[in-house]
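Chemist: Pasting a structure here, questions to come.
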């Protein structure tokens, strides 16, 4: 029996997101996660390595796809949950791309505009603006 590796899963999840069908990408990610957690204790998942046994684990690219899909759908609460799951459940440390996706999501739903109006008075406040975006995540 052929087993999909993480590259296949990521290509499909990101492909759905890029081609404006984030719901199918999120459903596919749910299938990946459920197959990863099947017959596995939660604490053990965080310490598993990719390819260990028959399990394929989500990686940082998977979570970029999920966060992009959530941004396209405007699902803030769900995105924050997945953002927390990256490290809490799967042991993937969030990187710049994950923070960028969250900032994009917050901007998409209008949560950053209110914060940014306070900090756009001067060009010297750009660093503070960037910090506020990341703190909002």
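The values are calculated or read from the model by the stated rules, or taken from the named source; none is laboratory data. Quantities reported herein were computed from a predicted structural model and do not represent experimental measurements. Counting neighbours? That spans all protein chains shown, and the Cβs are built from the backbone with ideal geometry, glycine included.
Chemist: Taking the criterion of being surrounded by 15 or more Cβ atoms within 10 Å (Cβ to Cβ), at pLDDT below 65 and outside any helix (DSSP H, G or I), would at least one residue in region 49-59 satisfy it?
Modeler: No, region 49-59 contains no residue that is surrounded by 15 or more Cβ atoms within 10 Å (Cβ to Cβ), at pLDDT below 65 and outside any helix (DSSP H, G or I).
Chemist: Select from region 21-43 the residues that are exposed (fewer than 12 other Cβ atoms within 10 Å of the Cβ) and at pLDDT below 70 and list them in ascending order.
Modeler: 38, 39, 41, 42, 43
Chemist: Continuing with the same structure: Quick one: residue 88 ticks every box in (1) modelled with pLDDT of 80 or more; (2) over 12 Å from the mean Cα position of the chain (by Cα); (3) surrounded by fewer than 14 Cβ atoms within 10 Å (Cβ to Cβ); (4) farther than 24 Å from residue 36 by Cβ except a single one, so which number is it?
Modeler: Failed condition: (4).
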